[in-house]
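Report on the structure given below.
The values are calculated or read from the model by the stated rules, or taken from the named source; none is laboratory data. All values derive from a computational prediction rather than experimental measurement. So basically every Cβ, Gly included, is an ideal-geometry build from the backbone, and we count neighbours across all protein chains shown. For the accessible areas, the whole protein counts, side chains as well, though only heavy atoms, and no ligand, DNA or RNA atoms are used. Shrake-Rupley method; radii C 1.70, N 1.55, O 1.52, S 1.80 Å.
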Amino acid sequence: QVQLVESGGGLVQAGGSLRLSCAASGRTFSSYIMGWFRQAPGKEREFVAGSRAWTYYADSVKGRFTISRDNAKNTVYLQMNSLKPEDTAVYYCAAKTYGLESRRPAEYDYWGQGTQVTVSS
């Protein structure tokens, strides 16, 4: 069982920055594929960024968001710069404990509770 706890969400003006953190339990964190997803009201949950041996991003955030991880602290981060109102959503971290990297939410095994990010115009 893997538990994930996100933090760092909040309200920010357009053009601003936020850093999300996700602390994970588990003794093999370094082997997990970690992903960030987001869900806006009335929309499906969508992939934002992923990390294991390398990082990969949704086109909508490439160049603005950076995923990183500290395996010694069992923590994954999402640095979000140049935020836009359309980035407003609940952000979730997720862990995929086996297999290949994926952008599909259904392939992730464990989820955090989510943290709200609101970007005002």
Give the residues of the range 103-121 that are within 23 Å of Trp54 (Cα to Cα) and either open to solvent by 40 Å² or more (accessible area, probe 1.4 Å) or touching a Phe, Trp or Tyr at 6+ places or on another chain (Cβ under 7 Å) (or both), sorted by residue number.
Arg103, Arg104, Pro105, Ala106, Glu107, Asp109, Tyr110, Trp111, Gly112
Do we have any residue at all in the range 99-106 that's in contact with a helix residue (DSSP H, G or I) (Cβ under 8 Å, 6 or more places away or on another chain), among the hydrophobic types (A, V, I, L, M, F, W, C) and at pLDDT 95 or above?
no
Among strands (runs of 3 or more DSSP E) entirely within the range 1-79, at least 1 residues that are over 14 Å from Tyr108 (Cβ atoms), at pLDDT 95 or above and hydrophobic (A, V, I, L, M, F, W, C) occur in 4-7, 10-13, 18-24, 65-70
